[in-house]
Amino acid sequence: MKKSILITGVSGVGKTSISQRLNKMGYKAYDMDSEPELFSMIDKKTGLPVVNHDNSDIKKVLNMDWICNKEKLVSIIKSEPSQLVFYCGSGSNLDELLYLFDKIVLLTLSPEIIKERLTTRTEHDFGRTAEIQDWIMSWKDDWENKMIEKGALVVNTHGTLEEIANDIIQKIGKS
């Protein structure tokens with residue numbers, strides 16, 4: 001039976017790194033942020049895509065949503081031939097997408113390490129400023145608790161990528 005697993009978490013917990021590690025282990029894993037046209041930055045007021053958004057300006061960040069194209073995601077899931085597939089990412093409309101997945105894995109990590117990772121990340125610039133990091137931390141615990149209430153399996157990402165990936169595989173097998 002084909003299974004689609006969502007791996008999610010706040011910025012900086014390691015979704016991209018885990019996606020890469022799972023692929024190296026022979027699993028099929030998508031880094032959803034890297035999939036062409038799967039996500040768009042949308043202006044909350046106009047509903048239109050934001051061009052040249054500024055991830056360092058808290059006022060601008062608060063007026064944007066990171067929206068997953070549900071139809072495109074459904075198409076990817078339906079066309080994927082692998083029996084076990086991991087989809088690693090998060091978005092403002094995540095609640096509307098949860099039903100598409102057989103299981104949800106929530107990656108967690110201490111605020112201190114998340115802030116360190118965000119400050120030093122190189123793949124993109126979201127979360128590098130202290131102001132954006134403080135904003136993320138202001139809603140992190142509530143959001144994670146809501147994901148747990150929705151059945152998410154919790155995996156702490158303080159460890160090696162191999163340990164974390166193995167923990168994910170073990171937890172999805174047991175639940």
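Structure above, values below:
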{"read-out": "Loop-located GluC sites (Glu not before Pro) in region 112-175 whose Cβ has at most 16 other Cβ within 10 Å (DSSP)", "value": "E123"}
{"read-out": "Modelled FRET efficiency - R0 22 Å, R121 with N63, Cβ distances, 0.05 increments", "value": "0.45"}
{"read-out": "Matching label, volume of the Cα convex hull per residue in Å³ computed from the structure shown, candidates (1) 105; (2) 119; (3) 148", "value": "(2)"}
{"read-out": "0 to 90° range, to nearest 10: angle between helix 130-149 axis and the chain longest Cα axis", "value": "40"}
{"read-out": "Fully extended contour minus Cα-Cα distance, from E131 to S40, at 0.36 nm per residue", "value": "30.5 nm"}
{"read-out": "Cross-link pairs K59/K103; K15/K70; K60/K150; K146/K174; K3/K140 - those with Cα-Cα distance over 24 Å", "value": "K59/K103; K60/K150; K3/K140"}
{"read-out": "GluC sites (Glu not before Pro) within region 1-96: DSSP coil, no more than 10 neighbouring Cβ in 10 Å", "value": "E37"}
{"read-out": "Cα centroid separation - region 63-100 against region 152-175, whole Å", "value": "20"}
{"read-out": "Per residue accessible area in Å² of region 1-98, where ligands, DNA and RNA are left out and the probe is 1.4 Å", "value": "52"}
{"read-out": "Rounded Å value of the spacing that divides the Cα centres of region 103-126 and region 1-57", "value": "13"}
{"read-out": "Inter-site label distance for E149 and Q20 at 7 Å from Cα along Cβ, in nm", "value": "3.5"}
{"read-out": "Angle between the chain longest axis and helix 111-120 axis [Cα atoms, degrees, rounded to 10]", "value": "70"}
{"read-out": "Helix 161-174 axis, angle to the chain major axis (alpha carbon atoms, nearest 10°)", "value": "60"}
{"read-out": "Gain in span if fully extended, E163 to D141, counting 0.36 nm per residue against the direct Cα distance", "value": "5.6 nm"}
{"read-out": "Solvent exposure, largest accessible area first (probe 1.4 Å, DNA, RNA and ligands not counted), of L98, L22, L48, L62", "value": "L48, L62, L98, L22"}
{"read-out": "Along principal axes, Cα extents of region 85-134, largest first, whole Å", "value": "34, 20, 18"}
{"read-out": "Surface share of carbon and sulfur [accessible, 1.4 angstrom probe, percent] for region 76-175", "value": "52"}
{"read-out": "Difference of contour (0.36 nm per residue) and Cα-Cα distance, S75 to S92", "value": "4.2 nm"}
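The values are calculated or read from the model by the stated rules, or taken from the named source; none is laboratory data. Being a predicted model, the structure only gives us computed values, none of them experimental. Cβ atoms come from the backbone with ideal geometry, glycine included; neighbour counts cover every protein chain shown. Only protein heavy atoms, including side chains, enter the accessible area calculation; ligands, DNA and RNA are left aside. Shrake-Rupley method; radii C 1.70, N 1.55, O 1.52, S 1.80 Å.
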